[in-house]
Structure formats: structure tokens, C-alpha cells
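*Asks:* Mind looking over this structure? Questions follow.
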């Protein structure tokens, strides 16, 4: 009878764990952004559209980054938080889907198109720059934010004042393999002076130890690193590209795209866009951006 | 598959960078590995300890960890250098442990009478090793050394992830994530790039093996 006794103990333990988890689910998680946007009630959509399918299912699968401070960072509570996540919540709310019914999947830069094409997510909100090459495989709603490439240097560095000063200073520049900024910066530095890693934290480490003189990527990502450096790094503050962040959806889903654009416009009008910024990236960059005009859907 | 033709110059650039890494690391690890094998059979206990310690550490540590230690550990203690040479150094240290063991197996395959005869005619240990034992040993280790070098060529992809950039691995990542090409086409190109390195390496080794073979 030893086995069945053990089984009973296991069952009780499992029940306790389940109860504890259920309790945890009800209380608001620390670090989550306030009340979030108001969830629409009893919404109906034209039959056969993506909105109709999602609203009926009562859940939406969102691809975001899990390692991007201020935009999509998975915290100790297991839930991603950041501006991208808040944007996803705004769209979810317009579909009548509450925040806790959004299922997040990690979509790192290299696999965002695949995640959409293979129908593993309904949309991707992951610091996703809109460009023509990507438009061949997915469609974009938005943009919901315009980031720009900038440089991060040590606080006491005065020789690097912008991308044009890099060559004169013979500066080594670090970025992430395969990122858009890593391609853009090649106009300003020689291949030999370009250092590429898989994540920005390694670039920050290389900057700290003097292996590189500057780190380059979108300003918002750098702001997160500046904040984490406790005064060791600073931003040069000269954006030299425009990176419109869009929401990736399956190619050709025009109705879903138009729905998202309307949802973003409404959010900008009723203040939930600003609230989303203030509760996340606003901690480092207090100036709330204005919602950029939407691109035409195709 | 169109990506391979469209981005051919980028692939060539990546191929050449990988080739540079491999050539330097292959020369470095063959020289260092042979030296270490000499240490491991040397009559001096401290040298033997260095040899076996080196092999124990680098053969049992994942390559990514070795590269991490070199690329991030050295700057931490004030040694700054290019990531290219950090990468080549790490790959060389790692591969030399395998080269050492392959060469040592070859040394052990040489009949003991050879070394005894060499000592009997008054050659020193270094002379015995370099003039009598190693020339015979290296013949028998061509096939295992070939495997080690081919594995090293493939391992060089990990070097690309440690700040070097511009090699085949980085080209693959750049094309898939920054420029949005489909992964299968891009990686087929990367695969072809590595095959252009590894298959001729195998053919060359087979030729060396035939040429150095002894009629037994």
C-alpha cells in the first residue's frame, strides 16, 4: 500500500500547488502597468475576419520579445512587460480580450516572419521595424512608434559626437548580428571595426571593458542599457535613421491591419497610448511620442 | 534559393572570413598540438603535467565557454585586442587539445625500438622525437588529424558569434533577420560555403595520406 499512500500525498501536493497558482492569478502582478486599457464588451465583427475569429475565441496569440527592457521583458512573474506588451493589450482590449487572455510567445528578431507564416502567433509586436523586404513575407499595421538609430558611448567620451565622427576616431562599434542597425552602421565604419554579438548585453560589456568605443542600435534599446549602466554610459543623442515599429500580421490581412490602425488611433485619442508609454519606456524617456500616421494597409 | 545568387558577394566575403579564421587556427593548433604531444611524452614531469593539464582543461570545456573566457575574460583583466585574434586564439587552444591526443596516439604507435635505437646512437630527446619518432608518427595520424581539422572548420561558426562578424555564420544571421530572407535558402548557401571548405579539405587529406603511406 506504500505506493497508493505516496500517490495520495502527491495528489494533495498537486492540489495545493494548483490552488496557490489560482490565487496568484487573481492578484494583480507586481510591475504590471496599472489597470490597462478598458476591455470592449460584446463586440461583433464581420464574419470570417480575423477579428471575428479572435473575438469568438476570446484569446489572441502575440509574439513579442522577452529580453527587451522597456518594450518586451519577461519578468520574474513569467509575464512580459513593456511598451510592446501594452500595445498588444490595447489591441486585445478592442477585440474584447482581457490582458490575462493574451498568450505571449517569444519571437526573437531572426524568427519573427516564420512565427507569422507558420501561424504560431496572430500578431507580432516586437520592436519590429517595417521594411520592404519584410513586407514580402508579412503585412504590417502601424507604425505605432518611430525609433531611430543612435550611439551609446562611455560617459567621459567626447570624441564621438555622431556617426560621422566614428571614422575619424577609428572607433570600434558594437551591434547585434543580423539587426537592421548592424547593416546601417556599415556605411559609417569599416568591416574590421565592426564588432557583432548575439545580444546587446555583450556589447555593453565590451564597451565597459574598452574593447569597443561605441554601441549602436535603436535609441530605445540604448536607453534601457544607459539606465542599467548607472551612469557609466551615455547616449550621443543624434538619431540618424528612422525605424518605424509596426505590428506584424499575416500577409494580406488588410481588414485586420485596418482594425489595428483604428485601434491605435483611438488609443492615441483616449489617452491609453500615452498611459502605455508613461508606464513603460516613459521611465527613461519621459517625453511621450505622438502616434505616427499609419501606413496604408496592403 | 535566389538569395544565394542575389547576395553572392556577401557569401564570398563570409566565406573568406571563415577561411581566414580556419587557416590561422589550423596552423596554430597543429603546431601547438604537436608541441603539447611532445610535452606529454617528455621525460620531464613538469612538461608532462602541463601537457596533460592542457588537454584535460580544453578537451573537456565546451568551445563556447573557452571563447567566452577569452573574449570577455581577457578584457576584464586589461588585455584588449581584436575579437578576430581572440576568436582564433580560443579556437586554437581548444583544437590543440584534440590535435595533441591524435599526435600522441601516433607517437605511441611507433615501435619503441625506434626511440631506443635513436637514443643508442646518441640523439637527444628532442632529436629523437623530431627526427625519428614524429616523422613516422605523423603518417599514421593523418586520418584522425583530418577529422579534427574538419571539425574545427565547422566549429569556427561559434567564433563568428563572439564579436568577429562577417563570417558565414554572421552572413546567415544578417540575411535572415536584418534583410528578411527565408531561412532555408540562406542556410543552404551557408551550408554550401562550409562544404566548399570541408570537402576539399577531406580530399587533400586523402591525397596526403596516399602520398605518405608506407608499404607494409
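The values are calculated or read from the model by the stated rules, or taken from the named source; none is laboratory data. Everything quoted here is computed from the prediction, not taken from an experiment. Cβ placement follows ideal geometry from the backbone for every residue including glycine, while neighbour counts extend to all protein chains displayed.
*Asks:* Could you count how many residues in segment B:152-185 are facing chain A (nearest Cβ under 8 Å) and in a loop (DSSP other than H, G, I, E, B)?
*Replies:* Of the residues in that region, 8 qualify.
*Asks:* Condition check: at pLDDT 90 or above and more than 18 Å from the chain's Cα centre (by Cα). Does residue B:81 satisfy that? Can you show your working first?
*Replies:* Details: at pLDDT 90 or above: no; more than 18 Å from the chain's Cα centre (by Cα): yes.
When the stated conditions are applied, residue B:81 does not pass them.
*Asks:* Within the bounds of segment A:223-238, is there any residue that is within 14 Å of another protein chain (Cβ to nearest Cβ) and crowded, with 16+ Cβ neighbours inside 10 Å? First the steps, then the outcome.
*Replies:* If we filter segment A:223-238 for residues that are within 14 Å of another protein chain (Cβ to nearest Cβ), which is where we start, we get none.
So far as segment A:223-238 goes, no, none of its residues is within 14 Å of another protein chain (Cβ to nearest Cβ) and crowded, with 16+ Cβ neighbours inside 10 Å.
*Asks:* Got at least one residue in segment A:92-111 being within 14 Å of the chain's Cα centre (by Cα), surrounded by 20 or more Cβ atoms within 10 Å (Cβ to Cβ) and assigned to a loop (DSSP other than H, G, I, E, B)?
*Replies:* Within segment A:92-111 (the criterion being within 14 Å of the chain's Cα centre (by Cα), surrounded by 20 or more Cβ atoms within 10 Å (Cβ to Cβ) and assigned to a loop (DSSP other than H, G, I, E, B)), the answer is yes, since at least one residue qualifies.
*Asks:* Go through segment A:218-258 and report how many residues are at positive phi and in contact with a helix residue (DSSP H, G or I) (Cβ under 6 Å, 6 or more places away or on another chain). Working first, answer last.
*Replies:* Here is the first cut: in segment A:218-258, the residues at positive phi are A:230-231, A:237, A:252.
Now restrict to residues that are in contact with a helix residue (DSSP H, G or I) (Cβ under 6 Å, 6 or more places away or on another chain): none.
The number of residues fulfilling the criteria is 0.
*Asks:* Could you check segment A:115-146 and list, in sequence order, the residues that are crowded, with 17+ Cβ neighbours inside 10 Å and free of Cβ contacts under 8 Å to residues at least 60 places away in the same chain?
*Replies:* Result: A:115, single match.
*Asks:* (1) under 24 Å from residue A:256 (Cα atoms); (2) away from chain B (no Cβ under 13 Å); (3) outside any loop (DSSP other than H, G, I, E, B); (4) out of contact with any helix residue (DSSP H, G or I) (no Cβ under 8 Å at 6 or more places or on another chain): which one isn't true of residue A:119, the others all being true?
*Replies:* Here residue A:119 clears every test but (3).
*Asks:* Can you pull out the residues in segment A:151-202 that are within 9 Å of chain B (Cβ to nearest Cβ) and under 21 Å from residue B:69 (Cβ atoms)?
*Replies:* Those that are within 9 Å of chain B (Cβ to nearest Cβ) and under 21 Å from residue B:69 (Cβ atoms): A:172, A:174, A:177, A:195, A:196, A:197, A:198, A:202.
*Asks:* Further, regarding this structure: Could you please let me know if residue B:10 is modelled with pLDDT under 95, within 30 Å of residue B:186 (Cα to Cα) and out of contact with any helix residue (DSSP H, G or I) (no Cβ under 9 Å at 6 or more places or on another chain)?
*Replies:* Values: modelled with pLDDT under 95: yes; within 30 Å of residue B:186 (Cα to Cα): yes; out of contact with any helix residue (DSSP H, G or I) (no Cβ under 9 Å at 6 or more places or on another chain): no.
When the stated conditions are applied, residue B:10 does not pass them.
*Asks:* Still on this structure, I have one more. With the condition being at pLDDT below 90, I'd like the strands (runs of 3 or more DSSP E) fully within segment A:125-203 carrying at least 2 qualifying residues. Step through it out loud before you land on a result.
*Replies:* Numbers: elements: A:138-147, A:149-154, A:173-176, A:194-197.
Qualifying strands (runs of 3 or more DSSP E): A:138-147, A:194-197.
*Asks:* If we scan segment A:120-134, do we find a residue that is farther than 23 Å from residue B:173 by Cβ and touching a strand residue (DSSP E or B) at 6+ places or on another chain (Cβ under 8 Å)?
*Replies:* Step one: list which residues in segment A:120-134 are farther than 23 Å from residue B:173 by Cβ, which gives A:122-123.
So of that shortlist, the ones also touching a strand residue (DSSP E or B) at 6+ places or on another chain (Cβ under 8 Å) come out as A:122-123.
Yes; the residues of segment A:120-134 include at least one that is farther than 23 Å from residue B:173 by Cβ and touching a strand residue (DSSP E or B) at 6+ places or on another chain (Cβ under 8 Å).
*Asks:* Among the residues of segment A:275-295, are any under 25 Å from residue B:71 (Cα atoms), surrounded by fewer than 22 Cβ atoms within 10 Å (Cβ to Cβ) and more than 14 Å from chain B (Cβ to nearest Cβ)?
*Replies:* Let us first name the residues in segment A:275-295 that are under 25 Å from residue B:71 (Cα atoms), namely none.
Looking for residues that are under 25 Å from residue B:71 (Cα atoms), surrounded by fewer than 22 Cβ atoms within 10 Å (Cβ to Cβ) and more than 14 Å from chain B (Cβ to nearest Cβ), one finds none in segment A:275-295, hence no.
*Asks:* Still on this model: For residue B:192, all conditions in the list (1) within 14 Å of chain A (Cβ to nearest Cβ); (2) farther than 19 Å from residue A:183 by Cβ hold save one; what is the number of the exception?
*Replies:* Among (1) within 14 Å of chain A (Cβ to nearest Cβ); (2) farther than 19 Å from residue A:183 by Cβ, residue B:192 violates only (1).
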